[in-house]
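Inspection log for the structure reproduced underneath, given as structure tokens.
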Ligand code: TYD
């Protein structure tokens, strides 16, 4: 039987460059000879990607905050069962773009549903699975969100032709993203052993170097 793998999650506001950094880290870890699984939330499975469409499409109107949180967890429970746990059991390094910290920051703090509800649901629906390391990319909140908005505007041509887009969260207010940001900092303060805050204000290359050093130091990969 192979040794259990490692579970690394990427967190941060929209537009902090999580996806780019995850791709770059995956290449380095693969080159070091490890099996790597790259995945994301909401999504990561066929069912999860369907749930993702409902959650992110700006055409989804009037979704209640509780229903939003429940769908995030529905996607996650399926993702853990179908992808994350089997990959860890086979000894893979699983890199995941967002996990339960996103729910705590966005629904718990942003939507004001509270941390307690999120942590309770995580225990019941996710078997309290904890990442071995969480990389929280920190950059200027306003700049990140405008970057995400610009990117999604470019992608929303499809939406104007009647297809779904991924803009629902980007339409939130500045106050919402400030709460999300503060939610993330509170998680990092509470769980400083697991969550590493990485300054992402430099170039993507500089941020990548910081992440590689962190992963080497913390997980000895
Ligand atoms: P993502 O595709 O990572 O967006 P971006 O690349 O812009 O960071 O995530 C989609 C959105 O879903 C993002 O706005 C954050 C939101 N989200 C939550 O609100 N709660 C959650 O639990 C997750 C996983 C994502």
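Specify the residue that is surrounded by the fewest Cβ atoms within 10 Å (Cβ to Cβ); the eligible residues are those in region 28-51 that are free of Cβ contacts under 8 Å to residues at least 24 places away in the same chain and within 19 Å of the chain's Cα centre (by Cα).
Looking at the filtered set, the residue picked out is 46.
Kindly check whether there is at least one residue in region 130-140 that is more than 30 Å from residue 203 (Cβ to Cβ) and either surrounded by fewer than 17 Cβ atoms within 10 Å (Cβ to Cβ) or at pLDDT 95 or above (or both).
Within region 130-140 (the criterion being more than 30 Å from residue 203 (Cβ to Cβ) and either surrounded by fewer than 17 Cβ atoms within 10 Å (Cβ to Cβ) or at pLDDT 95 or above (or both)), the answer is yes, since at least one residue qualifies.
If residue 114 passes every condition in (1) touching a helix residue (DSSP H, G or I) at 6+ places or on another chain (Cβ under 9 Å); (2) within 24 Å of residue 184 (Cβ to Cβ); (3) within 13 Å of the ligand (Cβ to nearest atom) but one, which one does it miss?
(3)
Going residue by residue through region 117-138, is there one that turns out to be within 11 Å of the ligand (Cβ to nearest atom), within 17 Å of residue 40 (Cβ to Cβ), in contact with a strand residue (DSSP E or B) (Cβ under 9 Å, 6 or more places away or on another chain) and in a helix (DSSP H, G or I)?
no
Quick check on region 87-94. Is at least one of its residues over 14 Å from the mean Cα position of the chain (by Cα), within 15 Å of the ligand (Cβ to nearest atom) and buried (at least 19 other Cβ atoms within 10 Å of the Cβ)?
Taking every residue of region 87-94 in turn, none turns out to be over 14 Å from the mean Cα position of the chain (by Cα), within 15 Å of the ligand (Cβ to nearest atom) and buried (at least 19 other Cβ atoms within 10 Å of the Cβ).
Write out, first by first residue and then by second, each pair whose Cβ atoms fall under 6 Å of each other, whose residues are 6+ apart or on separate chains, and whose first residue, in region 67-90, is closer than 10 Å to residue 45 by Cα while the second is part of a helix (DSSP H, G or I) and more than 14 Å from the ligand (Cβ to nearest atom).
78/47
Could you please find all residues in region 83-102 being part of a helix (DSSP H, G or I) and touching a helix residue (DSSP H, G or I) at 6+ places or on another chain (Cβ under 8 Å)?
Those that are part of a helix (DSSP H, G or I) and touching a helix residue (DSSP H, G or I) at 6+ places or on another chain (Cβ under 8 Å): 100, 101, 102.
Among (1) over 25 Å from residue 60 (Cα atoms); (2) without any contact (Cβ under 8 Å) to a residue 40 or more places away in the chain; (3) touching a helix residue (DSSP H, G or I) at 6+ places or on another chain (Cβ under 8 Å), there is one condition residue 193 misses while meeting the rest; what is its number?
For residue 193, the failing item is (3).
Could you please find all residues in region 61-93 being closer than 16 Å to residue 111 by Cβ and modelled with pLDDT of 95 or more?
Answer for region 61-93, where residues must be closer than 16 Å to residue 111 by Cβ and modelled with pLDDT of 95 or more: 63, 64, 65, 66, 67, 68, 69, 70, 71, 72, 73.
Anything in region 103-116 that is assigned to a helix (DSSP H, G or I) and either more than 17 Å from the chain's Cα centre (by Cα) or closer than 20 Å to residue 84 by Cα (or both)? List them, or say none.
Answer for region 103-116, where residues must be assigned to a helix (DSSP H, G or I) and either more than 17 Å from the chain's Cα centre (by Cα) or closer than 20 Å to residue 84 by Cα (or both): 103, 104, 116.
Criterion first (under 14 Å from the mean Cα position of the chain (by Cα) and surrounded by fewer than 21 Cβ atoms within 10 Å (Cβ to Cβ)) does residue 23 satisfy it?
Against the criterion (under 14 Å from the mean Cα position of the chain (by Cα) and surrounded by fewer than 21 Cβ atoms within 10 Å (Cβ to Cβ)), residue 23 qualifies.
The values are calculated or read from the model by the stated rules, or taken from the named source; none is laboratory data. As the structure is a computational prediction, the values presented were derived from the model and not from experiment. No Cβ is skipped: glycine too gets one built from the backbone with ideal geometry, and neighbour counts run over all protein chains shown.
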